[in-house]
Structure formats: structure tokens, C-alpha cells
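Readers should treat all values here as calculations from the given coordinates under stated rules, not as data from a laboratory. Computed from a predicted structure; not experimentally measured. Cβ atoms come from the backbone with ideal geometry, glycine included; neighbour counts cover every protein chain shown.
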Amino acid sequence: MAKNTTITMECLNSCLESFDIVRSDLTLTPNDGSMLRALADSGIEMVDCYRKDAENFIDSKEVVTAFAAINYAHAWIGCFTELGLFNSQPGEELFKTIKDEDKEGALITDEKMAKYLDITTRARKKLKIASPVRSFDRRLAIHFLDTSESYFKQAVDFRNDNDFVRAFAAVNYSHAWLDGGARIGLFDVEEDDVLFTLYE
């Protein structure tokens, strides 16, 4: 298989458009003033922050990093929707909707791919499930870990198939599920605010 390592602005714009449709229909489910509303507000803050990051990276001509940010933002929507904090229809993961392209674009290098896989691997090794064994939160934590692992496996498989574009997106989904779990307290990450986006 030919190496798929470039992200065109056409691809990135398609991802942004898909994301914006999902985001525009998203509502928060918890009641105003409730503790769960504060958590939902925190989640939407992160979604919008990563969407803004994508715009800033585009302005800085950092197309690859913008692609990472928009996939990360979309994964947060999926994560918080699954928790029931967002009412949304995230649809397919963005990397499943992109087309293979043979056009000039921003290159995902071997080094960049390895760096993102390493960051997520370090995050996976760092966290511990924070919830008691027989609690519902532990079940949630295991679900978040399983989802992250599934995306990580897809990232590795795509990378092995020389499809760096989908691998890069999938590893961002993987990390976002770990990050979301850390933010809501499912994982003990030892106050690590480099690998994770903590609540406070």
C-alpha cells in the first residue's frame, strides 16, 4: 500500500465542517446549577477550546496539528455524549470519513507519528483507575480504557499499513478518551497536567 502521510486543506476543511455540524446541534443535558451541569460545562469548554486551537493552528500554517486538534475535539464530544452529559449525534469518527488523497499537503512525518503514539502510551501507563472495584465509576473507567485501547489499536494498525493520516487521527481519539476520563475523575493521573487536561 502506498504511504498516506499528507493532510490537505481540503481534508482538514471537511473534518472541520463535519465537526461544526455536530457541535451546532449539541446541547447539554444536566440541569442548570447541578453538579453534573458543571461537569458538562467543563466538557463543552474543552471541546470549544480544541476547536479554537484547530483554527489557531491553521492560522499558523500548522495543518497537521490542526488536524490533531479537531479530531481530539470530536472525540471529546463522543466521550461526553456517551456519559449522557451531551445530547448529540457525533456520527462516525472523522478519520473514517476522509478520503485517500494523492495531493500535496502537510506531511505527517515518522517522527510526529512516533511522538503522538509515545505520548498516548505514556498516558496509558501513567493512569490508574481511581474508583473502588465494585463501583459504577469503575465500570465507566474500564469502558473509557477499552474505548481508548480500541482507538490505539486502530492507530497502530493504520500506521503499520502506512496510513499515517488515519493513524494520527485515531491516536488522538485514543488520548482524548483517557484525557476525558482523567478530567471527570475516573483515573488517578497523579496531578499530571502535561499528559492530561485536569479539571482544576
Residue by residue through the stretch 3-15, what is 3J(HN,Hα) from phi via Karplus (6.51 cos²θ - 1.76 cosθ + 1.60, θ = phi - 60°)? Round to whole Hz and write x for glycine and proline.
6, 9, 10, 10, 10, 8, 5, 4, 5, 4, 5, 5, 5
Percent relative contact order of the chain, based on C-alpha pairs within less than 8 angstrom and at least six residues apart?
28 percent
A chain fully extended from MET9 to ASP137 at 0.36 nm per residue, minus the present Cα-Cα distance, gains in nm 42.1 nm
CYS49 to LEU198: extension gain in nm, 0.36 nm per residue of separation minus the Cα-Cα distance?
52.3 nm
Cα-Cα pairs above 24 Å in the stretch 110-199: how many percent?
20 percent
Non-local residues with an amide H under 5 Å from the amide H of ALA130, with H modelled 1.01 Å from N and Pro and chain starts lacking one, are PHE187, ASP188
Note, ³J(HN,Hα) from phi for the stretch 65-72, Karplus 6.51, -1.76, 1.60, rounded to Hz, x at Gly and Pro:
5, 4, 4, 4, 5, 6, 5, 4
Cross-link table LYS61/LYS126; LYS61/LYS112; LYS3/LYS52; LYS61/LYS125, entries beyond 26 Å C-alpha to C-alpha
LYS61/LYS126; LYS3/LYS52; LYS61/LYS125
Treating only the Cβ atoms of Lys and Arg (+1) and Asp and Glu (-1) as charged, compute the dipole magnitude of the chain about its Cα centre; round to the nearest 20 debye.
620 debye
Calculate, in nm to one decimal, what LEU36 and GLU62 gain on full extension: separation in residues at 0.36 nm each, minus their alpha carbon distance.
5.8 nm
Could you run the Karplus curve 6.51 cos²θ - 1.76 cosθ + 1.60 with θ = phi - 60° over the stretch 191-200 and give me ³J(HN,Hα) per residue in whole Hz, x for Gly and Pro?
6, 6, 9, 9, 7, 9, 9, 7, 5, 10
Cα convex hull of the stretch 155-200: how many Å³ per residue?
73 Å³
Cα gyration tensor category, rounded, prolate or oblate, for the stretch 6-188 with a/c compared to 1.5:
oblate
